[in-house]
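> This is the structure I have questions about; it appears just below.
Quick note: the coordinates plus some simple rules give every number you see, no bench work behind them. It should be emphasised that the depicted structure is a prediction, and the values quoted were computed from it without experimental measurement. FYI the Cβ positions are ideal-geometry reconstructions off the backbone, even for glycines, and counts take in every protein chain you see.
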Amino acid sequence: MIVILGGGISGLSAAFELKKAGKEFILLEANKQVGGQIQSSQKQDFTLEHGPNTVLVNNPEIKKIIEDLGLWDELIFPDEKASSNRFVLKNGNIEPFPSGLGKMLKSNLFSISTLLCVLREPFNSSKSATDDESLGALVERRLGKQILDDFVTPFVTGIYAGDPYKMSAKYTMNVLKEAEENHGSIVKGAFKIIKAKKLENEKFGLPKQKIFTFKNGLQHLITVLRTKVEKEIQWEANCTKIEFSDQQYIIYYKQNGEQQSIIASKVIAALPAFTLAELVHNFAFGLSSHLEQIKYVPAMAVHLGFQSKNMAFSEKAFGILSRNAEKVPFLGVLFNSHFFPHTAPQGKDLITVICGGVRYPEIVEKSDQEVLEEIGSCLADLLGISGGFELTNIVRWKQGIPQYDIGYSKIEADIDLYLGAHHNFKIAANYYKGISVSDCVKNGSLAAQSFI
Ligand SMILES: Cc1cc2nc3c(=O)[nH]c(=O)nc-3n(C[C@H](O)[C@H](O)[C@H](O)COP(=O)(O)OP(=O)(O)OC[C@H]3O[C@@H](n4cnc5c(N)ncnc54)[C@H](O)[C@@H]3O)c2cc1C
């Protein structure tokens, strides 16, 4: 029997793959619902995303799952103009965020000396003293502090909510590290790598317009996946311990107040690192202590809905990223109803304000009223929103986003070592081999395939 632990997108992707292959399995999920961080809701005719807002079709596994579930025709791609119109907050002003070198040279964001530093980068002969350099150190060394502060930090904060001086360059923006290593220059190499990736994507038939959602939000993907594996799910089955003996795994879980157990010959662990660390503590102490080292930072989504005519900011935009120096209480703002117009009723706008991260973790501990006062007044001032908000909603993820920090390569090597010696135990989760939803689909599918 194969047992999957956790029914987030990683566990569900593994389950679907096993189901297609006719394999017997059980999925243990602690909650009454599956999907983990992928949750959408409808409130006052607005469509709200509690976790991810967009998913990328950037690998063959995510394309395949959409095809196999018959969902291609239901994908909603963003408004092209809005999705390419991105901004960054600089000295309190909302400035266009350049999408390429050409736009960067014309942008008001950067000083002449910074632009010269970018143009001279191919001749920069500096080298890192370590193989595990931080993203901050790499970018500052090659492109200068301003590119780090005004360009790279806002961008990666929008994904990892982390500190670029702690984040491992290799695991968070490997394209830059690879460019330097293989081409001697980020400016020269990154273009080549991105071009090669585009060609590879075309080979796999991946669409050009790559981010999508569904009419009622991303949870639709979960709902459809759930219907395919419903019979195999044990609901409210909270795994408490795993034992390993005679090449078998005994998984203990609590369900309806009762202690249950199941014997598995093979396991796919699709749980957060800190949960798995506790479960395997007694038989895989080394693995457990490495998993414990993976830090998570809190994240919070604050949804605000209002009359479109009440907002002075007139651009059709994807979002605004914030720099560390801005001292605003958010990491980024998404203009959901601009790039996905169906997410708000006619004449209204929906924005999602992402807060927390290493920059301001305490905000997730504040009361709803405190959060709305702080975020609401900041956004009303910044975007010129008058007349108040018709809709407010807050979602907290206290252990939201795993950090791929410096030192992660050692953690990964130790996890790999354990998995290499235990072929019947797989890990598929967002702290291992990629954080995005499409990474999770890929890793869940591959873990299952290795058992087929
Ligand atoms: C606010 C936010 C915004 C994001 N935005 C994006 C985005 O725009 N695009 C993108 O690609 N990614 C985004 N991400 C990242 C992405 O959503 C996640 O990395 C991904 O959904 C994680 O999936 P997972 O299955 O690995 O883990 P999870 O979703 O955490 O699922 C783990 C599952 O395990 C279950 N579980 C936990 N403990 C136990 C136990 N003891 N026993 C049984 N079951 C248990 C949980 O209930 C859950 O169902 C975002 C994340 C957050 C928090």
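> What's the ranking of 384-394, 438-448, 343-353 by average number of surrounding C-beta atoms within 10 Å, highest first? Provide the component values of the computation, followed by the final result.
Values: 384-394: 15.6, 438-448: 25.2, 343-353: 20.4.
Packing proxy ranking, top to bottom: 438-448, 343-353, 384-394.
> Could I have the simple spin-label model distance between S128 and S41, label points 7 Å from Cα toward Cβ, reported in nm to one decimal?
Those two pseudo-labels are separated by 4.1 nm.
> Viscosity 0.890 mPa s, temperature 25 °C: give me the Stokes-Einstein translational D for the chain in µm²/s, with Rh taken as the Kirkwood radius over C-alpha pairs. Don't skip to the end; give the middle numbers.
Numbers: Rh = 23.2 Å.
Answer from the Stokes-Einstein relation: 106 µm²/s.
> Number of Lys pairs in segment 296-402 with C-alpha atoms less than 26 angstrom apart, excluding same-chain neighbours closer than eight positions? Please list the in-between numbers first.
Numbers: K309/K348; K316/K327; K316/K348; K327/K366; K327/K398; K366/K398.
For segment 296-402, the number of qualifying lysine pairs is 6.
> In nanometres, what is the gap between the two model label sites at N324 and Q247, each 7 Å from Cα along Cα-to-Cβ?
Placing both labels 7 Å along Cα→Cβ, they lie 5.2 nm apart.
> Next up: What number does segment 1-118 give for Rg over Rh if you use C-alpha atoms and the Kirkwood radius? Before the final figure, lay out each step's value.
Working: Rg = 21.1 Å, Rh = 18.6 Å.
Rg/Rh: 1.14.
> Dipole magnitude of segment 296-402 about its Cα centre, charges +1 at Lys/Arg Cβ and -1 at Asp/Glu Cβ only, in debye to the nearest 20?
Details: 9 positive and 11 negative charges, 61 e Å.
The dipole of segment 296-402 has a size of about 300 debye.
> Something else: I want to check the label-to-label distance for V175 and D73. Put each point 7 Å from Cα in the C-beta direction and report it in nm to one decimal.
Between V175 and D73, the simple spin-label model gives 3.4 nm.
> Express in nm, to one decimal, how much length is gained between F204 and Q346 on full extension, taking 0.36 nm for each residue of separation and deducting their alpha carbon distance. Please list the in-between numbers first.
Details: separation 142, 0.36 × 142 = 51.12 nm, distance 3.74 nm.
Contour length minus Cα-Cα distance gives 47.4 nm.
> Calculated FRET efficiency, A21 and H183, Cβ-Cβ r, R0 30 Å, to nearest 0.05?
Details: r = 41 Å, r/R0 = 1.36.
After rounding, the FRET efficiency stands at 0.15.
> Something else about it: Per DSSP helix of 4 or more residues, -39500 (n - 2.57); summed, then divided by the residues of the chain. What does that give at 222 nm, rounded to the nearest 500?
Details: 17 runs with 163 residues, N = 452.
My calculation for the chain gives -10500 deg cm²/dmol from helical runs alone.
> Let me ask something else. So, with +1 on the Cβ of K and R and -1 on the Cβ of D and E, and no other charges, what is the size of the charge dipole of segment 92-184 about its Cα centre, to the nearest 20 debye? Present the calculation step by step, with values, prior to reporting the outcome.
Working: 10 positive and 12 negative charges, 48 e Å.
It comes to approximately 220 debye.
> May I ask you to list, by number, the DSSP H helices of the chain whose Cα span along the axis is at least 27 Å and whose average Kyte-Doolittle hydropathy reaches 1.0 or more? Present the calculation step by step, with values, prior to reporting the outcome.
Values: long enough: none.
Result, helices passing both filters: zero.
> Specify the inter-centroid distance of segment 347-406 and segment 1-27, based on alpha-carbon positions, in whole Å.
Cα centroid of segment 347-406 versus Cα centroid of segment 1-27: 35 Å apart.
> Using the Cα centre as the reference, give the magnitude of the dipole from point charges on the C-beta atoms of the chain (Lys, Arg: +1; Asp, Glu: -1; all else neutral), rounded to the nearest 20 debye.
On the way: 49 positive and 50 negative charges, 243 e Å.
Using Cβ point charges on Lys, Arg, Asp and Glu, the chain gives about 1160 debye.
> Separate question: Could you give me the radius of gyration and the Dmax of segment 296-402, taking only the C-alpha atoms into account and expressing both in angstrom?
That works out to 13.4, 39 Å for Rg and Dmax.
> Oh, and also: Residue by residue through segment 261-275, which ³J(HN,Hα) values in whole Hz follow from phi under the Karplus form 6.51 cos²θ - 1.76 cosθ + 1.60 (θ = phi - 60°), with glycine and proline marked x?
Listing the rounded values in order: 8, 9, 9, 10, 8, 9, 10, 10, 8, 10, 10, x, 4, 5, 6 Hz.
> Show me 42-54, 71-83, 192-204 ranked by packing, highest mean number of other Cβ atoms within 10 Å first. Let's see the in-between values first.
Working: 42-54: 18.6, 71-83: 15.5, 192-204: 12.2.
Taking the mean over residues of other Cβ atoms within 10 Å, the ranking is 42-54, 71-83, 192-204.
> With unit charges on the beta carbons (Lys and Arg positive, Asp and Glu negative) and the dipole taken about the Cα centre of the chain, which residue among L382, N124, G319 sits farthest to the positive side?
N124
> As a quick test, which of the pairs K254/K295; K145/K177; K63/K433; K166/K442; K20/K210 have an alpha carbon distance above 20 angstrom in this structure? Each step should come with its number before you reach the end.
Working: K254/K295 26 Å; K145/K177 17 Å; K63/K433 18 Å; K166/K442 26 Å; K20/K210 26 Å.
Over 20 Å apart, Cα to Cα: K254/K295; K166/K442; K20/K210.
> While we're looking at this one, here's another question. How would you order 59-65, 22-28 from highest to lowest mean count of nearby Cβ atoms within 10 Å?
Numbers: 59-65: 20.0, 22-28: 17.6.
Result, highest mean Cβ count within 10 Å first: 59-65, 22-28.
> Rounded to whole Å, give me the distance from the Cα center of segment 79-149 to that of segment 234-297.
So the two Cα centres are separated by 43 Å.
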